[in-house]
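Novice: One structure coming up, written as structure tokens, with questions to follow.
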Amino acid sequence: MNNAIALLIGWVLDLFAGDPARLPHPVVWFGKAIAACEHRLNKGCHRMMKGALTAILLIAIVFAVTWLLRSLLARISLLLVVFDAIVIFYCLAGTTLIREVRQVFLAVDRSLDEGRAQVARIVGRDTSELSAQEVRTAALETLAENLSDGVIAPLFWLAVLGVPGMMAYKMVNTLDSMIGYKTERYREFGCWPAHIDDVVNYLPARLTALLMVLATGRLSLLRFVWRYGSQHASPNSGYPEAALAGTLDCRFGGPHYYFGQLFDKPYIGENDRQLTTADMKTAVRVNRTAEILMVALTTLRFLI
């Protein structure tokens, strides 16, 4: 019961507040630790092994520290609920992501330069040469992908391994987002962090796509997801992106620049139509419904 209460409190906090901009955030600390390790170790020989050991050590430390803190608070159930609720609040990113995507659409409607600057806040690709259509597409692709990374996967690992597992997942995801790239700098050092992220997101990504399809009420979209979900450079990102592309009857993917290098991603969908603010609103509604379904499933898991 306490786990369910903590989950609902944490989720409601995220629902109404989003990421607290003026408070210290664990992901910021994770990022500083990763950057320090990368700066010190990503040089010389055995870079792949160094990257693997860095990832394993950081993930283990986060899990162990969270477990230890919960153990210290376990005798006072109220404090434990408060601690868990705060951690869950920090680990969920649904509201902040939706807020950022809305701002992208508003910005690009004002000017292309504003849209490029706004979307650069939430995507890793180079945005300086994107068209208005590409800005909107990038925002919606990120909305779908990060529904999995920022909401469904954290809740999945919360259900499986509790709050320590949820925090460890956030470290995995932060590692991948910072160094899990196939560029010259990160190809070796970020290899294992990227593969670990692939493994821990395998089930959550597919669950995300299923929940998105259920949110639309159009089970026929499962055929579209099955067809296009695997046609992505990532073994996981294609599934939620395919669910959203099918919902909107649009096309995602294609060539993009990351850190000055061109990556030719396969297309997801065939209808290269112009995206609109109405499409963004539909995507947000689908995301929110899928999120609510996952919160309900996780709560049920704690109550059974």
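The values are calculated or read from the model by the stated rules, or taken from the named source; none is laboratory data. Since the structure is predicted, the reported quantities are computational estimates derived from the model, not experimental observations. Cβ sites come from the backbone with ideal geometry, for glycine too, and all protein chains shown count toward neighbours. Just so you know, the surface numbers come from the protein's heavy atoms only, side chains and all, with ligands and any DNA or RNA stripped out. Shrake-Rupley method; radii C 1.70, N 1.55, O 1.52, S 1.80 Å.
Novice: At 1.4 Å probe size, what's the solvent-accessible area of ILE56? Round to the nearest 10 Å².
Specialist: The value for ILE56 is about 100 Å².
Novice: Okay, next question. Pick out, in residue order, every one of the GluC sites (Glu not before Pro) in region 67-159 that is DSSP loop and has at most 12 other C-beta atoms within 10 Å; say none if there are none. Walk me through the numbers on the way to the answer.
Specialist: Working: sites: GLU100, GLU114, GLU129, GLU134, GLU141, GLU145; in loops: GLU129.
Here the sparse-neighbourhood loop sites are GLU129.
Novice: In sequence order, what are the phi-derived ³J(HN,Hα) couplings for region 68-81 according to the Karplus relation 6.51 cos²θ - 1.76 cosθ + 1.60 with θ = phi - 60°, rounded to whole Hz, with x for glycine and proline?
Specialist: Per residue, the Karplus-derived 3J(HN,Hα) values read 5, 4, 5, 5, 5, 8, 4, 6, 10, 4, 5, 5, 5, 4 Hz.
Novice: Could you give the nm distance between label points at VAL12 and ALA117, where each point is 7 Å from its Cα heading toward the beta carbon?
Specialist: Roughly 3.8 nm, to one decimal.
Novice: A further question follows. How much accessible area per residue does the chain have, in Å², with a 1.4 Å probe?
Specialist: Details: 14870 Å² over 304 residues.
Accessible surface, normalised per residue, equals 49 Å².
Novice: Okay, moving on. Taking K and R as +1 and D and E as -1, what net charge do the other residues with C-beta under 10 Å from the C-beta of LYS50 add up to?
Specialist: Values: positive: ARG40, LYS43, ARG47; negative: GLU38, GLU188.
Charge balance near LYS50 sits at +1.
Novice: Report Rg (one decimal) and Dmax (nearest whole number) for the chain, counting Cα atoms only, units Å.
Specialist: 19.1, 58
Novice: OK, next. Probe 1.4 Å, all protein chains in place: accessible area of HIS39 in Å², nearest 10?
Specialist: Spelled out: HIS39, probe radius 1.4 Å, area about 140 Å².
Novice: Kindly provide the trypsin sites (Lys or Arg not before Pro) of region 20-129 that DSSP labels as loop, not H, G, I, E or B, and whose Cβ sees at most 16 other Cβ atoms within 10 Å.
Specialist: Here the trypsin sites (Lys or Arg not before Pro) that fit, given the DSSP loop and packing criteria, are ARG22, LYS43, ARG75, ARG121.
Novice: How much FRET efficiency would the formula 1/(1 + (r/R0)^6) give for ARG110 and ALA60, where r is the Cβ-Cβ distance and R0 is 51 Å, rounded to 0.05?
Specialist: On the way: r = 46 Å, r/R0 = 0.91.
Approximately 0.65, to the nearest 0.05.
Novice: Taking the Cα centre of the chain as the origin and placing charges on Cβ (Lys, Arg +1; Asp, Glu -1), which of ASN3, SER128, THR282 is farthest toward the positive end of the dipole?
Specialist: After comparing all options, I get ASN3.
Novice: I would also like to ask the following. Given +1 on the Cβ of Lys and Arg, -1 on the Cβ of Asp and Glu, and no further charges, what dipole in debye does the chain carry about its Cα centre, rounded to the nearest 20?
Specialist: With only Lys, Arg, Asp and Glu charged at Cβ, the dipole is about 540 debye.
Novice: Further, regarding this structure: Pull up all non-local amide H partners of GLY253: gap of 5 or more, or a different chain, and H-to-H distance under 5 Å with H placed in the peptide plane.
Specialist: Distant-sequence amide H within range of GLY253: ILE268.
Novice: Could you work out the local net charge near THR247, counting Lys and Arg as +1, Asp and Glu as -1, over the other residues with Cβ closer than 11 Å to its Cβ? Before the final figure, lay out each step's value.
Specialist: Numbers: positive: ARG218, ARG285; negative: GLU241, ASP249, ASP279.
Overall, the nearby charge balance is -1.
Novice: Taking the Cα centre of region 1-125 as origin, sum charge times position over the Cβ atoms of Lys and Arg (+1) and Asp and Glu (-1), and report the length of that vector in debye to the nearest 20.
Specialist: Numbers: 14 positive and 8 negative charges, 97 e Å.
Once rounded to the nearest 20, the dipole reads 460 debye.
Novice: Can you pull the one-decimal nm distance between simple spin-label points at SER220 and ALA74, each 7 Å off the Cα toward Cβ?
Specialist: Between SER220 and ALA74, the label points sit 5.3 nm apart.
Novice: Determine the share of the chain's accessible area contributed by carbon and sulfur atoms, expressed in whole percent, with a 1.4 angstrom probe. Before the final figure, lay out the partial values.
Specialist: Details: 9410 of 14870 Å².
After summing per-atom areas, the C and S share lands at 63 percent.
Novice: Quick one: 3J(HN,Hα) in Hz for region 37-54, Karplus 6.51/-1.76/1.60 with θ = phi - 60°, rounded, Gly and Pro as x.
Specialist: 5, 5, 4, 7, 9, 7, 7, x, 8, 6, 5, 5, 5, 4, x, 5, 5, 4
Novice: Might you work out the accessible area of ILE59 for me, using a 1.4 Å probe with all protein chains in place, and round it to the nearest 10 Å²?
Specialist: 30 Å²
Novice: Grab the beta carbon distance between GLU129 and MET1, set R0 = 41 Å, and tell me the FRET efficiency rounded to 0.05. Mind dumping the intermediate values first?
Specialist: On the way: r = 53 Å, r/R0 = 1.30.
Computed FRET efficiency for GLU129 and MET1 comes out at 0.15.
Novice: Above 22 angstrom, tally the Cα pairs of region 62-137 and express them as a % of all pairs, no decimals. Walk me through the numbers on the way to the answer.
Specialist: On the way: 1350 of 2850 pairs.
Tail of P(r) above 22 Å: 47 percent of Cα pairs.
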